[in-house]
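*Asks:* Below is the structure I would like to discuss, written out as structure tokens.
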Amino acid sequence: MVIKDFKNIKIQEANRYFKEIIFQSAHLENKGITYAETINTIEFYDEAIKTIPFEKVAIINGLKRAYEYIIVRANSNNLPNEQDLLKINGFIDEYEEYANAGNYRNKPVKISGSSWVPPLLDVNQAKQLVNDLSKIKSFDDGVKLCAELSKQQLFNNGNKRTAICYANLVLLYYGYDFIQIKDRMKYMNKLVDFYEDQDKFKDLLDYVKENSIDKNEQTRKDK
């Protein structure tokens, strides 16, 4: 159930922390993106493209466009679904020549640092997975959505960024806090542990909750 007051509050917070959310998501790529580069790309794109490596600018600008879409979309009455996921990946991977942005992965993939090999799902399987995971009832479900999308590697590129962006859309839509990743290495280590062992999700969830405390969770339960 969507509680409109909580939803409006969370969308306002997402607007307030817009640049920080983009920086945290961009930082997942381990490209050495700084906060200053993030701000310059968001606010002064034409100048940033002249002084900041294009790969960094492309990552930041893709996330900027994705989060602009997310904040508007979260205000909609329509439930988030796999079409939103595809659109978000389209923003994130727009400048990746071989990514086939906005379309599901069409070739096998391996994950660096993990023995987990994601299955190659057909379009109907991917759609069913995304729509089932999107029916969240708590902040914990939103984190599980993010973790599972990262694990399944549905796209040729940008899976972690796409997963966290889409999860944040779903969380904002239902009036929950957005996921924040303040320590890339801790998050990545716990995420890879989850890839290897589903029972490790609790460790990942605990870490994310430390950074993304939903102060309205108990209030929701009391209503």
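Just so you know, all these numbers are worked out from the coordinates, no wet-lab data involved. Computed from a prediction, not measured in an experiment: that's the story for all the values here. Neighbour counts run over all protein chains shown; Cβ positions are idealised from the backbone, glycine included.
*Asks:* Take the alpha-carbon positions of region 14-73, form their convex hull, and give its projected area averaged over all directions (one quarter of the hull surface) in nm².
*Replies:* Hull-based average projected area comes out at 3.7 nm².
*Asks:* May I ask for the Kirkwood hydrodynamic radius of region 4-160, worked out over all distinct Cα pairs and given in angstroms to one decimal?
*Replies:* 16.8 Å
*Asks:* While we're here: If you plug each phi of region 87-95 into the Karplus form 6.51 cos²θ - 1.76 cosθ + 1.60 with θ = phi - 60°, what whole-Hz ³J(HN,Hα) values come out, in order, with x for Gly and Pro?
*Replies:* 5, 4, 5, x, 5, 5, 10, 4, 9
*Asks:* Where the convex hull is taken over the Cα atoms of region 44-128, what is its projected area averaged over directions, in nm²?
*Replies:* Value for region 44-128: 7.6 nm².
*Asks:* Going by average Cβ density within 10 Å per residue, which order do the peptides 110-122, 92-104, 20-32 take, highest to lowest?
*Replies:* Details: 110-122: 12.7, 92-104: 17.2, 20-32: 19.2.
The peptides rank, most packed first, as 20-32, 92-104, 110-122.
*Asks:* How big is the gap, in Å, between the Cα center of region 123-159 and the Cα center of region 8-67?
*Replies:* Taking the Cα centre of region 8-67 as reference, the centre of region 123-159 is 23 Å away.
*Asks:* Only helical DSSP H runs with n ≥ 4 go in: add -39500 (n - 2.57) per run for the chain, normalise by residue count and round the 222 nm mean residue ellipticity to 500 deg cm²/dmol.
*Replies:* -19500 deg cm²/dmol
*Asks:* Can you work out ³J(HN,Hα) from phi for every residue in region 33-46, in order, using Karplus 6.51 cos²θ - 1.76 cosθ + 1.60 and θ = phi - 60°, giving whole Hz and x for Gly and Pro?
*Replies:* So the Karplus estimates, Gly and Pro as x, are 5, 9, 5, 4, 5, 5, 4, 5, 5, 5, 9, 9, 4, 4 Hz.
*Asks:* If region 80-141 were replaced by its equivalent ellipsoid, with semi-axes equal to the square roots of 5 times the Cα gyration tensor eigenvalues, what would those be, largest first, whole Å? Could you put the intermediate results ahead of the total?
*Replies:* Values: eigenvalues 88, 59, 31 Å².
The three semi-axes for region 80-141 are 21, 17, 12 Å.
*Asks:* If contacts are Cα pairs under 8 angstrom and at least 6 residues apart, what is the relative contact order of the chain in percent?
*Replies:* With pairs under 8 Å counted, the relative contact order is 24 percent.
*Asks:* Which log10 I(q)/I(0) values does region 90-223 give at q = 0.11, 0.19 Å⁻¹ under the Debye formula, counting every alpha carbon as one identical point scatterer?
*Replies:* Debye output, listed in q order: -0.40, -1.16.
*Asks:* Please state, to two decimals, what the Cα-based radius of gyration of region 124-184 comes to when divided by 2.2 N^0.38 Å (N = residues).
*Replies:* Working: Rg = 11.1 Å, N = 61, 2.2 N^0.38 = 10.5 Å.
Expressed relative to 2.2 N^0.38 Å, the Cα Rg reads 1.06.
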